Structure formats: C-alpha cells, structure tokens
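To keep things clear, I will list the structure first and then write my remarks on it.
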Amino acid sequence: MATSVQHDLEELRTRALADLADAVDAPAGEIWEKTYLGPKGELTLFLRGLGALPADERPTAGRAGNALKRELEAAWDSRHRILAAADLDQHLAADAVDVTLPGRPPTIGAAHPVSQMIDELSEIFALLGFQTVFGPEVETAHYNFDLLNIPADHPARDVWDTIHVDLPGEIVMRTHTSPMQARVMEQTEPPVRVVVPGRVYRYEAQDASHEWMFHQLEGLAVDRTITMADLKGVLAELARQLFGPNRRIRFRCDFFPFVEPGVDFAVDCAICGGKGCRVCKQTGWLEMGGAGMVHPKVLAGVGYDPAVYTGFAFGLGIERMTMMRTGVDDVRAFAGNDLRFLRQFAGFA
Ligand code: DAH
C-alpha cells in the first residue's frame, strides 16, 4: 500500500478517535457518526474510492480500510451506549418529580353541622324502626293547616307566622314539618313509623333564637296499640342517644291542634346535670319541641279509623339540638355562611 494512503488512513483514524472522545453528548455523537461512518462519511467515501487506486494497492488498502471501519464501528458502539445512557439520565433528572416537596392539599368540604345532626337523628331513629322521608317545602294550606285540624280563620293559624307564596290557591312556605304527617298517612296503610327532617319557614323577627328559616324533625308512629308510654320511651331513648345515659325527660301540657293530649318536652341538661347553667339558661332543662297523641280528627282526615288506630307525633327543632350539642348560642350562625364558623364543626356529630 502506498505510504500516502496508509498515512491518510492513520490520520483519519487519529482524528476520528479524538473527535469521538470529544463528543460529549448524544447530539454530538450523532454528528460524529454521520461525519465518519454515514453514507457520505469520510471512511465510507474512502472505501468507495478504492476502485480508483492502482490494482496492486487495492487489496492492502481495502483490508486496512475495512479494519479501520470495524475499529471505528466498535468504538462508536461503546461510545454511543455511554452517550445514550447519559442522555437518558439527563432527561430523567430534568423531568424528575421531587417527592419530598410538600403537596398542595385539596380543600375538602364537610357536611354542615345541621346536616350532620340530621344524619345522626336519622340513624338513631332507624335503629328505633323509623324510616326517614322528605317532603315539599312549598306546601298547600290544605296540608300545612287544614288536615292538621287548623281550619281557615281559626286563630291557631296565626301562631305559625306564615309566609305566603303568590300563586293561585293558598300556597305557603311550610311553617312546620307536620304536613308530612298527613302526606305519609294518605299514602300508607298503618302501621306507620317515619321521621321527616327538613327546612321550615316563618315570617319572624330574627334574634339569637329565631330565624325565618330553620329545620325541624317531625316524627310519627301510628298503629293499633300505640300509647303515650311509647312516645315517652322513644323520646327518652332519643335523649340518651343524643346527650348521654341517665337523661330524664319532662312532659308539660301544651296545646297543638293536631294532638290530644299535647305536650312540650324537655331533657334535663347534660352539661350541669340539671343544676342550672349557661346552656340551659339556668333552668336545668333543655326544651326540645312539641309532641302528643295524634288527634282523632287528623287520623280521620286521612282515612284512618280513629277507633282502631292511635299514634304519637313530635316535632323537634334541629338547630336547637345542634346548639345544645355544640354550645353555639346564636341560631343565626348556622345560616350565616361564615366558613370560619362552620369549619369548627366539621365532623362534630
Ligand atoms: N309543628 C309544631 C310546631 O312547629 C311542633 C309539633 C308539636 C309537632 C306537636 C308535632 C307535635 O308533631 O305533635 O310548632
């Protein structure tokens, strides 16, 4: 082989290996490969040009060229591996997620304290055999009053500070959950055991214990042998479930047109044990609501035979119970929509 060819190849080898050592990343490596080994690379062109050499020089030059090709390919192969691995590492490092960074916690909502109270009441009454049902908040006077033995023009109607809806017929925002007594009985054969939680509306001046919208829980049980003892047993159990064992309940005579006899009932204050404190306003008793034996006229009005069936009913103020449980002393806080207030009662019940 002519020394010039040998010299050229040696020079090409030295340059190629030096360049390869200088190729520090994957893109530089690609350029190197193209420059030396690609279809138009220097070595490829050299091998292609062998035909132009004198015949006696071709075999040696060819062997030397092919040997260099294998050497450069092997060198490229190992260099390429290193560069590709480095390239992958770099991408991984650039895309890395720092798992030690504290996350941004999503804001998790919580049930409103009154909703929590409703859920708890539903559970307590479910264990006592009562089904929870819901009724309309916009009601006819027929259900809100007439079927509850509160006839039109009767003074008792004024007790409920009714908000009227401007629609034909006498349509009202229900003033209590009691209309659901009639609705349920109309649709069910006795025996009946339901509780009805929900919003009620009254046209009242607001103060710490009055709101124009609040929640009640109605209860109704009708069967063949229901007595006042059943009412007392159910309400005593409710008091224990809500306010702890050894609670006593108090019935005092009261008047509601849809029950006879009617009572208001209270639980002895669990905070002071009945001695008198801020929560029970020094009376020793917490007023829970009204109750009584379903009036025969109400039973007859929905087609139940009062000679066969008797029943008890009660209506509880849900905000009031929530206040007793939480110590909140202003009912307006519940619908005031202040998150700082509401957050304190996430998961209280
Ligand atoms: N509905 C009555 C009110 O809102 C409360 C009430 C009293 C409900 C006696 C009853 C009951 O079921 O028997 O003032």
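Filter the range 161-183 for residues that are in a loop (DSSP other than H, G, I, E, B) and farther than 28 Å from Ser122 by Cβ; which is nearest to the ligand (Cβ to nearest atom)?
Restricting to residues being in a loop (DSSP other than H, G, I, E, B) and farther than 28 Å from Ser122 by Cβ, the top hit is Glu170.
On the basis of being in contact with a His (Cβ under 7 Å, 6 or more places away or on another chain), under 29 Å from Gln206 (Cβ atoms), in the same structural domain as Met213 (by TED's automatic domain parsing) and of a type in the set (Asp, Glu), does Glu319 make the cut? Break it down into steps so the answer makes sense when it comes.
Values: in contact with a His (Cβ under 7 Å, 6 or more places away or on another chain): yes; under 29 Å from Gln206 (Cβ atoms): yes; in the same structural domain as Met213 (by TED's automatic domain parsing): yes; of a type in the set (Asp, Glu): yes.
Yes; evaluated as a whole, the condition is true for this residue.
What about Asp158, is it within 14 Å of the ligand (Cβ to nearest atom) and either open to solvent by 70 Å² or more (accessible area, probe 1.4 Å) or assigned to a helix (DSSP H, G or I) (or both)? Lay out the reasoning, then the answer.
Details: within 14 Å of the ligand (Cβ to nearest atom): yes; either open to solvent by 70 Å² or more (accessible area, probe 1.4 Å) or assigned to a helix (DSSP H, G or I) (or both): yes.
It is true that Asp158 is within 14 Å of the ligand (Cβ to nearest atom) and either open to solvent by 70 Å² or more (accessible area, probe 1.4 Å) or assigned to a helix (DSSP H, G or I) (or both).
Only one residue in Val308, Val263, Val302 is of a type in the set (A, V, I, L, M) and either under 37 Å from the mean Cα position of the chain (by Cα) or within 14 Å of the ligand (Cβ to nearest atom) (or both), so which one is that? Explain how you work it out, then say what you get.
Working: Val308 fails: either under 37 Å from the mean Cα position of the chain (by Cα) or within 14 Å of the ligand (Cβ to nearest atom) (or both); Val302 fails: either under 37 Å from the mean Cα position of the chain (by Cα) or within 14 Å of the ligand (Cβ to nearest atom) (or both).
None of the others qualify; the one that does is Val263.
Of the residues in the range 311-349, how many are more than 24 Å from the chain's Cα centre (by Cα) and within 13 Å of the ligand (Cβ to nearest atom)?
Total satisfying the criteria: 8.
If a residue must be of a type in the set (Val, Ile, Thr) and assigned to a helix (DSSP H, G or I), how many such residues does the range 94-148 contain? Let's see the steps before the verdict.
Of the residues in the range 94-148, the ones of a type in the set (Val, Ile, Thr) are 97, 99-100, 107-108, 114, 118, 124, 132-133, 138, 140.
Cutting the leftovers down to assigned to a helix (DSSP H, G or I) gives us 114, 118, 124.
Matching residues across the range 94-148 total 3.
Would you confirm whether any residue within the range 184-205 is among the aromatic types (Phe, Trp, Tyr) and part of a loop (DSSP other than H, G, I, E, B)? Give the steps one after another, and end with the answer.
So the first thing to find is which residues in the range 184-205 are among the aromatic types (Phe, Trp, Tyr), and the list is 201, 203.
Add one more test, that the residue is part of a loop (DSSP other than H, G, I, E, B), and what stays is 203.
For the range 184-205, residues among the aromatic types (Phe, Trp, Tyr) and part of a loop (DSSP other than H, G, I, E, B): present.
Go through the range 162-206 and give me each residue that's open to solvent by 50 Å² or more (accessible area, probe 1.4 Å), in contact (Cβ under 8 Å) with a residue 24 or more places away in the chain and closer than 29 Å to His112 by Cα. Steps first, please.
So the first thing to find is which residues in the range 162-206 are open to solvent by 50 Å² or more (accessible area, probe 1.4 Å), and the list is 164, 166-170, 183, 186-189, 191, 193, 199, 203-206.
Now restrict to residues that are in contact (Cβ under 8 Å) with a residue 24 or more places away in the chain: 169-170, 183, 186, 191, 193, 199, 203-204, 206.
Those that are open to solvent by 50 Å² or more (accessible area, probe 1.4 Å), in contact (Cβ under 8 Å) with a residue 24 or more places away in the chain and closer than 29 Å to His112 by Cα: Arg183, Arg193, Arg199, Tyr203, Glu204, Gln206.
The values are calculated or read from the model by the stated rules, or taken from the named source; none is laboratory data. If you're wondering where the values come from, they're calculated on a predicted model, not measured in any experiment. A quick note on method: Cβ atoms are made from the backbone with ideal geometry, for glycine too, and the neighbour counts reach across all protein chains shown. For the accessible areas, the whole protein counts, side chains as well, though only heavy atoms, and no ligand, DNA or RNA atoms are used. Shrake-Rupley method; radii C 1.70, N 1.55, O 1.52, S 1.80 Å.
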